[in-house]
Amino acid sequence: MVLLNSSNLNFTVRRRQPELIAPAKATPRELKLLSDLDDQDGLRAHFPLVHFYRHEASMAGKDPVKVIRDALAQTLVFYYPFAGRIREGVGRKLLVECNEKGVLFIEADADVTLAQFGDNLKPPFPCFDSLLYNVPGSEGILHCPLLLIQVTRLKCGGFVFAMRMNHTMTDGPGILQFMNVLDEIVNGASEPSILPVWHREILSARNPPRVTRTHHEFEQVAGAAIPLKDTVQQSFFFGPSEISAIRRVIPRHLRQSTTFEVLTACLWRCRTKALQLDPNDDVRTLVIVNTRFGRGRFDPPIPAGYYGNAFVYPAAVTTAGKLCESPLGYALELVKKAKAKVDEEYVHSTADLLVTGGRPCLTSVRSWMISDLSRVVFRNVGFGWGKAVYAGPAKAGFGPLAGVSFLVASTNDKGEEGRVVPMCLPPEPMKRFAKELDNMLGSYKNSKDSSIIMSGLTCSNWQNHGQSD
(Lines give C-alpha, C1' and ligand atoms only; values in the text may rest on other atoms or scores of the structure.)
Protein backbone atom coordinates (compact mmCIF):
# COMPACT_ATOMS: atom_id res chain seq x y z
CA MET A 1 0.00 0.00 0.00
CA VAL A 2 1.41 3.39 -0.98
CA LEU A 3 0.37 6.43 1.02
CA LEU A 4 0.52 9.69 -0.89
CA ASN A 5 1.15 12.52 1.54
CA SER A 6 0.57 15.95 0.08
CA SER A 7 -0.66 17.43 3.35
CA ASN A 8 2.60 19.32 3.85
CA LEU A 9 2.18 21.29 0.65
CA ASN A 10 1.59 24.97 1.35
CA PHE A 11 1.10 27.73 -1.17
CA THR A 12 -0.42 31.15 -1.52
CA VAL A 13 -3.41 31.92 -3.72
CA ARG A 14 -4.00 35.53 -4.72
CA ARG A 15 -7.55 36.22 -5.81
CA ARG A 16 -9.20 39.08 -7.65
CA GLN A 17 -12.55 40.25 -6.35
CA PRO A 18 -15.36 37.81 -7.23
CA GLU A 19 -17.52 38.98 -10.14
CA LEU A 20 -20.91 38.02 -11.49
CA ILE A 21 -20.96 36.72 -15.07
CA ALA A 22 -24.31 37.23 -16.77
CA PRO A 23 -25.47 35.78 -20.10
CA ALA A 24 -23.79 37.50 -23.06
CA LYS A 25 -27.16 38.63 -24.40
CA ALA A 26 -30.72 39.01 -23.18
CA THR A 27 -32.46 35.80 -22.07
CA PRO A 28 -36.07 35.06 -21.02
CA ARG A 29 -37.14 36.41 -17.65
CA GLU A 30 -39.47 33.81 -16.21
CA LEU A 31 -40.13 31.42 -13.36
CA LYS A 32 -39.31 27.74 -13.85
CA LEU A 33 -40.38 24.96 -11.49
CA LEU A 34 -37.80 22.40 -10.44
CA SER A 35 -38.85 18.75 -10.46
CA ASP A 36 -39.84 16.87 -7.33
CA LEU A 37 -36.58 14.93 -7.56
CA ASP A 38 -34.65 18.22 -7.77
CA ASP A 39 -36.01 19.93 -4.68
CA GLN A 40 -35.85 17.10 -2.14
CA ASP A 41 -34.12 17.94 1.13
CA GLY A 42 -31.21 15.61 0.39
CA LEU A 43 -30.12 17.73 -2.58
CA ARG A 44 -30.37 21.14 -0.93
CA ALA A 45 -26.62 21.60 -0.73
CA HIS A 46 -23.68 22.66 -2.89
CA PHE A 47 -21.37 20.15 -4.55
CA PRO A 48 -17.69 20.89 -5.45
CA LEU A 49 -15.83 19.68 -8.54
CA VAL A 50 -12.22 20.30 -9.53
CA HIS A 51 -10.14 19.89 -12.71
CA PHE A 52 -6.33 20.12 -12.92
CA TYR A 53 -4.67 20.97 -16.26
CA ARG A 54 -1.06 20.83 -17.43
CA HIS A 55 0.72 23.51 -19.40
CA GLU A 56 -0.20 23.14 -23.08
CA ALA A 57 2.31 24.51 -25.61
CA SER A 58 -0.34 24.98 -28.32
CA MET A 59 -2.20 27.40 -26.00
CA ALA A 60 0.83 29.64 -25.42
CA GLY A 61 -0.23 33.25 -25.11
CA LYS A 62 -3.80 32.35 -24.16
CA ASP A 63 -5.09 33.05 -20.67
CA PRO A 64 -7.37 30.30 -19.29
CA VAL A 65 -9.15 32.85 -17.11
CA LYS A 66 -10.17 35.01 -20.06
CA VAL A 67 -10.91 32.04 -22.32
CA ILE A 68 -13.25 30.43 -19.79
CA ARG A 69 -14.82 33.68 -18.57
CA ASP A 70 -15.76 34.75 -22.12
CA ALA A 71 -17.13 31.30 -23.03
CA LEU A 72 -19.09 31.17 -19.77
CA ALA A 73 -21.10 34.27 -20.71
CA GLN A 74 -21.91 32.69 -24.09
CA THR A 75 -22.85 29.35 -22.50
CA LEU A 76 -25.26 31.05 -20.11
CA VAL A 77 -27.28 32.28 -23.08
CA PHE A 78 -28.34 28.66 -23.57
CA TYR A 79 -28.29 27.66 -19.89
CA TYR A 80 -29.82 30.90 -18.64
CA PRO A 81 -31.56 29.35 -15.59
CA PHE A 82 -28.09 28.92 -14.03
CA ALA A 83 -27.79 32.73 -14.06
CA GLY A 84 -30.96 33.00 -11.97
CA ARG A 85 -31.79 32.42 -8.32
CA ILE A 86 -33.79 29.75 -6.45
CA ARG A 87 -36.96 30.73 -4.61
CA GLU A 88 -39.20 28.65 -2.37
CA GLY A 89 -42.93 28.55 -2.99
CA VAL A 90 -45.99 26.94 -1.43
CA GLY A 91 -45.28 23.58 0.23
CA ARG A 92 -41.50 24.23 0.08
CA LYS A 93 -41.61 23.82 -3.69
CA LEU A 94 -38.49 25.25 -5.33
CA LEU A 95 -38.49 27.32 -8.49
CA VAL A 96 -35.90 29.24 -10.44
CA GLU A 97 -36.33 32.96 -11.00
CA CYS A 98 -34.57 33.52 -14.32
CA ASN A 99 -33.30 37.07 -13.84
CA GLU A 100 -29.82 37.23 -15.46
CA LYS A 101 -28.12 38.04 -12.15
CA GLY A 102 -25.27 35.76 -13.14
CA VAL A 103 -22.91 33.15 -11.72
CA LEU A 104 -19.95 33.89 -9.45
CA PHE A 105 -16.51 33.85 -11.08
CA ILE A 106 -13.12 34.23 -9.40
CA GLU A 107 -9.78 34.88 -11.11
CA ALA A 108 -6.77 33.69 -9.10
CA ASP A 109 -3.05 32.90 -9.22
CA ALA A 110 -1.14 30.38 -7.08
CA ASP A 111 2.60 30.23 -6.44
CA VAL A 112 2.73 26.46 -6.95
CA THR A 113 3.27 24.11 -9.89
CA LEU A 114 1.13 21.17 -10.86
CA ALA A 115 4.08 18.83 -10.18
CA GLN A 116 4.14 19.92 -6.54
CA PHE A 117 0.72 18.33 -6.02
CA GLY A 118 2.35 14.94 -6.65
CA ASP A 119 2.17 12.22 -9.27
CA ASN A 120 -1.21 10.85 -8.21
CA LEU A 121 -3.74 13.65 -8.06
CA LYS A 122 -6.67 12.26 -6.09
CA PRO A 123 -9.03 13.73 -3.49
CA PRO A 124 -8.60 15.25 -0.99
CA PHE A 125 -6.50 18.15 -2.30
CA PRO A 126 -4.26 20.38 -0.15
CA CYS A 127 -5.46 23.95 0.26
CA PHE A 128 -8.66 23.19 -1.62
CA ASP A 129 -10.51 26.00 0.14
CA SER A 130 -8.05 28.37 -1.53
CA LEU A 131 -8.66 26.82 -4.95
CA LEU A 132 -12.43 27.24 -4.55
CA TYR A 133 -13.01 30.19 -2.27
CA ASN A 134 -16.33 30.26 -0.43
CA VAL A 135 -17.49 33.81 -1.14
CA PRO A 136 -19.24 35.02 2.04
CA GLY A 137 -23.01 34.94 1.66
CA SER A 138 -22.90 32.72 -1.46
CA GLU A 139 -23.40 29.32 0.11
CA GLY A 140 -27.19 29.42 0.59
CA ILE A 141 -29.63 27.43 -1.50
CA LEU A 142 -32.19 30.26 -1.81
CA HIS A 143 -31.46 33.67 -3.37
CA CYS A 144 -27.77 32.87 -4.01
CA PRO A 145 -25.71 32.25 -7.16
CA LEU A 146 -26.27 28.73 -8.50
CA LEU A 147 -22.70 28.27 -9.71
CA LEU A 148 -19.37 29.45 -8.32
CA ILE A 149 -16.33 29.02 -10.58
CA GLN A 150 -12.70 29.76 -9.77
CA VAL A 151 -9.91 29.53 -12.34
CA THR A 152 -6.46 29.53 -10.73
CA ARG A 153 -3.32 29.91 -12.83
CA LEU A 154 -0.31 27.85 -11.71
CA LYS A 155 3.38 28.81 -11.93
CA CYS A 156 4.06 26.06 -14.47
CA GLY A 157 1.51 27.36 -16.99
CA GLY A 158 -1.17 24.90 -15.99
CA PHE A 159 -4.32 25.86 -14.14
CA VAL A 160 -7.07 24.61 -11.85
CA PHE A 161 -10.74 24.88 -12.75
CA ALA A 162 -12.93 24.50 -9.66
CA MET A 163 -16.70 24.71 -9.56
CA ARG A 164 -19.39 24.58 -6.91
CA MET A 165 -22.93 23.81 -8.08
CA ASN A 166 -26.30 24.05 -6.35
CA HIS A 167 -27.33 20.38 -6.53
CA THR A 168 -31.05 21.17 -6.76
CA MET A 169 -30.39 22.44 -10.29
CA THR A 170 -28.47 19.55 -11.80
CA ASP A 171 -26.67 16.25 -11.28
CA GLY A 172 -23.34 14.82 -12.49
CA PRO A 173 -24.37 14.11 -16.10
CA GLY A 174 -26.26 17.42 -16.18
CA ILE A 175 -23.31 19.56 -15.09
CA LEU A 176 -21.03 17.65 -17.46
CA GLN A 177 -23.42 18.56 -20.27
CA PHE A 178 -23.09 22.22 -19.25
CA MET A 179 -19.29 21.93 -19.15
CA ASN A 180 -19.21 20.20 -22.53
CA VAL A 181 -21.05 23.19 -24.02
CA LEU A 182 -18.59 25.54 -22.32
CA ASP A 183 -15.80 23.49 -23.90
CA GLU A 184 -17.46 23.58 -27.34
CA ILE A 185 -17.80 27.35 -27.21
CA VAL A 186 -14.17 27.73 -26.11
CA ASN A 187 -13.28 25.76 -29.23
CA GLY A 188 -15.29 28.00 -31.56
CA ALA A 189 -18.85 26.63 -31.58
CA SER A 190 -21.66 29.17 -31.80
CA GLU A 191 -24.25 26.92 -30.17
CA PRO A 192 -24.36 23.57 -28.30
CA SER A 193 -24.22 20.31 -30.22
CA ILE A 194 -26.97 19.12 -27.82
CA LEU A 195 -29.40 21.86 -26.86
CA PRO A 196 -30.43 22.00 -23.19
CA VAL A 197 -33.87 20.67 -22.23
CA TRP A 198 -35.77 21.86 -19.13
CA HIS A 199 -39.05 19.81 -18.96
CA ARG A 200 -38.69 19.16 -15.22
CA GLU A 201 -42.33 18.01 -15.12
CA ILE A 202 -41.31 14.56 -16.41
CA LEU A 203 -39.71 13.79 -13.03
CA SER A 204 -42.35 15.41 -10.84
CA ALA A 205 -45.06 13.73 -8.78
CA ARG A 206 -48.21 12.40 -10.42
CA ASN A 207 -51.66 13.82 -9.78
CA PRO A 208 -52.79 12.30 -7.53
CA PRO A 209 -49.50 10.97 -6.14
CA ARG A 210 -49.36 7.24 -5.36
CA VAL A 211 -46.46 5.52 -3.64
CA THR A 212 -46.40 2.02 -5.14
CA ARG A 213 -42.95 0.75 -4.14
CA THR A 214 -41.05 0.19 -0.91
CA HIS A 215 -38.40 2.86 -0.39
CA HIS A 216 -35.91 1.75 2.27
CA GLU A 217 -33.78 4.78 1.36
CA PHE A 218 -36.23 7.11 3.13
CA GLU A 219 -36.96 5.02 6.24
CA GLN A 220 -36.55 6.82 9.54
CA VAL A 221 -33.92 5.03 11.64
CA ALA A 222 -32.97 5.71 15.27
CA GLY A 223 -29.41 6.85 15.87
CA ALA A 224 -27.04 9.48 14.52
CA ALA A 225 -25.14 9.79 11.25
CA ILE A 226 -21.37 10.31 11.24
CA PRO A 227 -20.72 14.10 11.31
CA LEU A 228 -18.50 15.27 8.47
CA LYS A 229 -16.46 17.44 10.85
CA ASP A 230 -15.28 14.34 12.76
CA THR A 231 -13.83 12.56 9.74
CA VAL A 232 -10.75 12.16 7.59
CA GLN A 233 -10.67 11.66 3.83
CA GLN A 234 -8.71 9.16 1.74
CA SER A 235 -8.95 8.00 -1.86
CA PHE A 236 -8.42 4.46 -3.08
CA PHE A 237 -7.47 3.53 -6.64
CA PHE A 238 -8.69 0.31 -8.23
CA GLY A 239 -6.89 -0.67 -11.41
CA PRO A 240 -7.18 -3.80 -13.54
CA SER A 241 -5.28 -6.04 -11.11
CA GLU A 242 -7.35 -5.01 -8.07
CA ILE A 243 -10.64 -5.46 -9.89
CA SER A 244 -9.53 -8.84 -11.30
CA ALA A 245 -8.52 -9.98 -7.83
CA ILE A 246 -11.97 -9.18 -6.43
CA ARG A 247 -13.72 -10.84 -9.36
CA ARG A 248 -11.84 -14.08 -8.72
CA VAL A 249 -13.79 -14.70 -5.51
CA ILE A 250 -17.22 -13.91 -6.97
CA PRO A 251 -19.52 -16.94 -7.42
CA ARG A 252 -19.88 -18.11 -11.01
CA HIS A 253 -23.52 -16.97 -11.31
CA LEU A 254 -22.45 -13.39 -10.42
CA ARG A 255 -19.45 -13.15 -12.76
CA GLN A 256 -21.30 -10.85 -15.18
CA SER A 257 -21.70 -8.17 -12.51
CA THR A 258 -20.51 -4.69 -13.43
CA THR A 259 -17.36 -3.19 -11.95
CA PHE A 260 -19.52 -0.67 -10.09
CA GLU A 261 -21.56 -3.47 -8.48
CA VAL A 262 -18.44 -5.44 -7.53
CA LEU A 263 -16.66 -2.45 -5.99
CA THR A 264 -19.81 -1.29 -4.18
CA ALA A 265 -20.21 -4.69 -2.53
CA CYS A 266 -16.54 -4.87 -1.60
CA LEU A 267 -16.33 -1.34 -0.16
CA TRP A 268 -19.65 -1.57 1.70
CA ARG A 269 -18.50 -4.77 3.42
CA CYS A 270 -15.06 -3.36 4.33
CA ARG A 271 -16.56 -0.09 5.55
CA THR A 272 -19.07 -1.91 7.77
CA LYS A 273 -16.32 -4.06 9.28
CA ALA A 274 -14.24 -0.96 9.97
CA LEU A 275 -17.07 0.74 11.85
CA GLN A 276 -17.37 -2.23 14.27
CA LEU A 277 -21.14 -1.93 14.59
CA ASP A 278 -23.44 -4.10 16.69
CA PRO A 279 -24.02 -7.27 14.64
CA ASN A 280 -27.79 -6.82 14.97
CA ASP A 281 -27.80 -3.23 13.64
CA ASP A 282 -29.35 -2.67 10.24
CA VAL A 283 -26.94 -1.28 7.66
CA ARG A 284 -27.69 -0.12 4.15
CA THR A 285 -26.00 1.05 1.01
CA LEU A 286 -27.83 3.52 -1.20
CA VAL A 287 -26.91 2.81 -4.80
CA ILE A 288 -27.41 5.81 -7.06
CA VAL A 289 -29.10 4.80 -10.32
CA ASN A 290 -29.40 7.44 -13.03
CA THR A 291 -32.54 7.13 -15.17
CA ARG A 292 -30.67 8.47 -18.21
CA PHE A 293 -28.74 5.22 -18.41
CA GLY A 294 -30.05 1.68 -18.80
CA ARG A 295 -32.14 0.40 -21.65
CA GLY A 296 -35.87 0.53 -21.08
CA ARG A 297 -35.81 2.45 -17.77
CA PHE A 298 -37.97 5.19 -19.28
CA ASP A 299 -40.27 5.03 -22.26
CA PRO A 300 -39.78 7.38 -23.98
CA PRO A 301 -36.23 7.91 -22.65
CA ILE A 302 -35.19 11.02 -20.74
CA PRO A 303 -34.40 13.65 -23.43
CA ALA A 304 -30.72 13.90 -24.34
CA GLY A 305 -30.45 17.56 -23.34
CA TYR A 306 -32.14 17.16 -19.94
CA TYR A 307 -29.87 18.55 -17.23
CA GLY A 308 -31.96 18.18 -14.08
CA ASN A 309 -31.46 15.58 -11.36
CA ALA A 310 -32.48 12.25 -12.87
CA PHE A 311 -31.41 9.67 -10.31
CA VAL A 312 -32.87 7.65 -7.45
CA TYR A 313 -31.24 5.78 -4.55
CA PRO A 314 -32.53 2.20 -4.11
CA ALA A 315 -31.21 0.74 -0.86
CA ALA A 316 -29.77 -2.67 -0.07
CA VAL A 317 -30.46 -3.52 3.60
CA THR A 318 -29.11 -6.21 5.90
CA THR A 319 -27.59 -6.51 9.37
CA ALA A 320 -23.98 -5.64 10.11
CA GLY A 321 -23.30 -9.18 11.32
CA LYS A 322 -24.75 -10.88 8.26
CA LEU A 323 -22.89 -8.54 5.88
CA CYS A 324 -19.52 -8.98 7.59
CA GLU A 325 -19.74 -12.73 8.18
CA SER A 326 -21.06 -13.69 4.74
CA PRO A 327 -18.93 -14.10 1.60
CA LEU A 328 -18.62 -11.15 -0.77
CA GLY A 329 -21.20 -12.74 -3.06
CA TYR A 330 -23.91 -12.05 -0.45
CA ALA A 331 -23.26 -8.28 -0.51
CA LEU A 332 -23.03 -8.35 -4.31
CA GLU A 333 -26.43 -10.03 -4.64
CA LEU A 334 -27.98 -7.38 -2.39
CA VAL A 335 -26.48 -4.58 -4.47
CA LYS A 336 -27.69 -6.12 -7.73
CA LYS A 337 -31.21 -6.67 -6.38
CA ALA A 338 -31.37 -3.03 -5.21
CA LYS A 339 -30.36 -1.75 -8.65
CA ALA A 340 -32.81 -4.07 -10.36
CA LYS A 341 -35.72 -2.43 -8.52
CA VAL A 342 -35.36 0.72 -10.60
CA ASP A 343 -37.78 1.12 -13.47
CA GLU A 344 -40.03 3.98 -14.53
CA GLU A 345 -42.61 3.13 -11.88
CA TYR A 346 -39.96 3.17 -9.13
CA VAL A 347 -38.88 6.66 -10.19
CA HIS A 348 -42.46 7.99 -10.23
CA SER A 349 -43.12 6.35 -6.87
CA THR A 350 -40.04 8.13 -5.47
CA ALA A 351 -41.29 11.52 -6.67
CA ASP A 352 -44.73 10.80 -5.22
CA LEU A 353 -43.23 9.82 -1.85
CA LEU A 354 -41.16 13.00 -1.74
CA VAL A 355 -44.28 15.13 -2.21
CA THR A 356 -46.61 13.20 0.11
CA GLY A 357 -43.90 12.83 2.76
CA GLY A 358 -42.94 16.51 2.88
CA ARG A 359 -39.67 16.11 0.93
CA PRO A 360 -37.96 13.88 3.53
CA CYS A 361 -34.22 13.39 3.90
CA LEU A 362 -32.55 10.15 2.96
CA THR A 363 -31.69 7.63 5.65
CA SER A 364 -28.21 8.60 6.86
CA VAL A 365 -27.87 6.44 10.00
CA ARG A 366 -25.56 3.46 9.31
CA SER A 367 -25.94 4.21 5.61
CA TRP A 368 -23.38 4.59 2.85
CA MET A 369 -24.25 6.08 -0.54
CA ILE A 370 -22.23 5.55 -3.69
CA SER A 371 -22.51 7.02 -7.18
CA ASP A 372 -20.82 5.73 -10.32
CA LEU A 373 -19.35 8.77 -12.08
CA SER A 374 -16.86 6.72 -14.09
CA ARG A 375 -19.04 7.04 -17.19
CA VAL A 376 -19.47 10.77 -16.57
CA VAL A 377 -16.05 11.56 -17.99
CA PHE A 378 -15.17 15.02 -16.70
CA ARG A 379 -11.53 14.52 -17.78
CA ASN A 380 -12.43 14.99 -21.45
CA VAL A 381 -13.47 18.61 -20.87
CA GLY A 382 -10.25 20.34 -21.88
CA PHE A 383 -11.03 24.01 -22.72
CA GLY A 384 -8.27 23.68 -25.33
CA TRP A 385 -5.67 22.46 -22.81
CA GLY A 386 -6.25 18.76 -23.41
CA LYS A 387 -7.45 16.06 -21.05
CA ALA A 388 -7.42 16.99 -17.37
CA VAL A 389 -4.94 15.25 -15.08
CA TYR A 390 -7.78 14.79 -12.60
CA ALA A 391 -11.40 15.88 -12.99
CA GLY A 392 -14.37 15.10 -10.79
CA PRO A 393 -15.60 15.44 -7.20
CA ALA A 394 -13.26 17.34 -4.93
CA LYS A 395 -13.96 15.14 -1.91
CA ALA A 396 -16.14 12.43 -0.40
CA GLY A 397 -19.26 13.40 1.51
CA PHE A 398 -22.06 15.71 0.52
CA GLY A 399 -23.48 18.61 2.49
CA PRO A 400 -23.25 17.60 6.17
CA LEU A 401 -23.11 13.84 5.40
CA ALA A 402 -19.90 11.82 5.53
CA GLY A 403 -21.30 8.58 4.09
CA VAL A 404 -21.20 9.50 0.41
CA SER A 405 -18.60 8.24 -2.10
CA PHE A 406 -18.07 8.26 -5.87
CA LEU A 407 -16.40 6.10 -8.48
CA VAL A 408 -14.36 8.42 -10.71
CA ALA A 409 -12.46 7.50 -13.88
CA SER A 410 -8.74 8.01 -13.24
CA THR A 411 -5.24 6.73 -13.94
CA ASN A 412 -2.43 5.70 -11.61
CA ASP A 413 1.25 6.60 -11.86
CA LYS A 414 1.78 3.66 -14.24
CA GLY A 415 -0.75 5.11 -16.66
CA GLU A 416 -3.27 2.33 -15.94
CA GLU A 417 -6.93 3.23 -16.28
CA GLY A 418 -9.09 2.55 -13.26
CA ARG A 419 -11.46 4.03 -10.73
CA VAL A 420 -10.60 6.21 -7.78
CA VAL A 421 -13.01 6.16 -4.82
CA PRO A 422 -12.86 8.92 -2.17
CA MET A 423 -13.93 7.71 1.28
CA CYS A 424 -14.79 9.64 4.43
CA LEU A 425 -14.67 8.05 7.91
CA PRO A 426 -13.57 8.91 11.45
CA PRO A 427 -9.78 8.50 11.90
CA GLU A 428 -9.67 5.08 13.61
CA PRO A 429 -12.32 3.45 11.38
CA MET A 430 -10.44 4.83 8.35
CA LYS A 431 -7.28 3.05 9.49
CA ARG A 432 -9.24 -0.17 9.97
CA PHE A 433 -10.94 0.28 6.59
CA ALA A 434 -7.62 0.72 4.76
CA LYS A 435 -6.16 -2.31 6.53
CA GLU A 436 -9.25 -4.44 5.85
CA LEU A 437 -9.23 -3.50 2.18
CA ASP A 438 -5.50 -4.10 1.86
CA ASN A 439 -5.71 -7.48 3.59
CA MET A 440 -8.68 -8.52 1.49
CA LEU A 441 -7.03 -7.58 -1.78
CA GLY A 442 -3.80 -9.18 -0.67
CA SER A 443 -5.54 -12.46 0.08
CA TYR A 444 -7.51 -12.31 -3.18
CA LYS A 445 -4.30 -11.77 -5.14
CA ASN A 446 -2.33 -14.24 -3.02
CA SER A 447 0.27 -11.53 -2.64
CA LYS A 448 1.59 -9.31 0.14
CA ASP A 449 1.48 -6.20 -2.06
CA SER A 450 -2.04 -5.17 -3.00
CA SER A 451 -0.64 -2.03 -4.70
CA ILE A 452 -3.76 -0.10 -3.81
CA ILE A 453 -3.05 3.62 -3.95
CA MET A 454 -4.29 5.75 -1.09
CA SER A 455 -4.27 9.50 -0.77
CA GLY A 456 -5.11 11.08 2.56
CA LEU A 457 -5.61 14.42 4.29
CA THR A 458 -7.81 15.17 7.28
CA CYS A 459 -10.83 17.38 6.72
CA SER A 460 -9.63 19.72 9.45
CA ASN A 461 -6.32 20.18 7.64
CA TRP A 462 -8.12 21.60 4.63
CA GLN A 463 -8.68 24.72 6.70
CA ASN A 464 -5.08 24.91 7.89
CA HIS A 465 -3.11 24.75 4.64
CA GLY A 466 -2.57 27.60 2.20
CA GLN A 467 -2.99 31.33 2.54
CA SER A 468 -5.24 33.69 0.65
CA ASP A 469 -5.41 37.40 0.34
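The values are calculated or read from the model by the stated rules, or taken from the named source; none is laboratory data. All values derive from a computational prediction rather than experimental measurement. FYI the Cβ positions are ideal-geometry reconstructions off the backbone, even for glycines, and counts take in every protein chain you see. For accessibility, only protein heavy atoms count, side chains too; no ligands or nucleic acids. Shrake-Rupley method; radii C 1.70, N 1.55, O 1.52, S 1.80 Å.
Within the range 43-87, restricting attention to residues that are open to solvent by 10 Å² or more (accessible area, probe 1.4 Å) and among the β-branched types (Val, Ile, Thr), the residue that is farthest from ASN120 (Cα to Cα) is VAL77. Which one is farthest from GLU416 (Cα to Cα) among residues in the range 248-263 that are in contact with a helix residue (DSSP H, G or I) (Cβ under 8 Å, 6 or more places away or on another chain) and modelled with pLDDT under 95? Within the range 248-263, the match that is farthest from GLU416 (Cα to Cα) is PRO251. When HIS216, HIS253 are screened for being of a type outside the set (Lys, Arg), open to solvent by 50 Å² or more (accessible area, probe 1.4 Å) and touching a strand residue (DSSP E or B) at 6+ places or on another chain (Cβ under 6 Å), only HIS216 passes. Take the conditions in contact (Cβ under 8 Å) with a residue 12 or more places away in the chain, closer than 30 Å to GLN17 by Cβ and outside any loop (DSSP other than H, G, I, E, B) and apply them to LEU148. Does it pass? The answer is yes for LEU148. Within the range 288-310, the presence of a residue that is in a strand (DSSP E or B) and small (Gly, Ala, Ser) is excluded.
Could you tell me which of the residues VAL365, VAL342 is assigned to a loop (DSSP other than H, G, I, E, B) and under 21 Å from PRO173 (Cβ atoms)?
Values: VAL365 fails: under 21 Å from PRO173 (Cβ atoms).
When all the criteria are applied, what remains is VAL342.
Count of the range 151-166 residues, restricted to those that are open to solvent by 10 Å² or more (accessible area, probe 1.4 Å), outside any loop (DSSP other than H, G, I, E, B) and farther than 26 Å from PHE293 by Cα, is 1.
Looking at GLY415, GLY384, GLY392, just one residue is free of Cβ contacts under 8 Å to residues at least 40 places away in the same chain, at positive phi and not charged (D, E, K, R), and that residue is GLY415.
Scanning the range 178-208 for residues that are part of a loop (DSSP other than H, G, I, E, B) and open to solvent by 50 Å² or more (accessible area, probe 1.4 Å) returns ASN187, GLY188, SER190, GLU191, SER193, ILE194, LEU195, HIS199, ASN207, PRO208.
Which of the residues belonging to the range 300-321 are more than 25 Å from the chain's Cα centre (by Cα) and touching a residue at least 12 places away in the same chain (Cβ under 8 Å)? Even if it seems obvious, please write down each step before you answer.
The initial filter retains those residues of the range 300-321 that are more than 25 Å from the chain's Cα centre (by Cα), namely 300, 318-321.
Passing the criteria: THR318, THR319, ALA320, GLY321.
Based on what the data block shows, is MET169 part of a loop (DSSP other than H, G, I, E, B) and closer than 22 Å to GLY392 by Cα? Before the answer, list the steps.
Details: part of a loop (DSSP other than H, G, I, E, B): yes; closer than 22 Å to GLY392 by Cα: yes.
Answer is yes for this residue.
How many of the residues making up the range 82-131 are within 30 Å of ARG14 (Cα to Cα) and not in a loop (DSSP other than H, G, I, E, B)? Residues meeting the conditions: 19. Residues in the range 408-421 that are of a type in the set (A, V, I, L, M, F, W, C) and more than 13 Å from GLN234 (Cα to Cα): 2 in all.
Take the range 360-373 and flag every residue that is open to solvent by less than 20 Å² (accessible area, probe 1.4 Å) and either touching a Phe, Trp or Tyr at 6+ places or on another chain (Cβ under 8 Å) or of a type outside the set (A, V, I, L, M) (or both). Show your work before the answer.
Pass one, the range 360-373, residues open to solvent by less than 20 Å² (accessible area, probe 1.4 Å): 363, 365, 367-368, 370-371, 373.
Answer for the range 360-373, where residues must be open to solvent by less than 20 Å² (accessible area, probe 1.4 Å) and either touching a Phe, Trp or Tyr at 6+ places or on another chain (Cβ under 8 Å) or of a type outside the set (A, V, I, L, M) (or both): THR363, SER367, TRP368, ILE370, SER371, LEU373.
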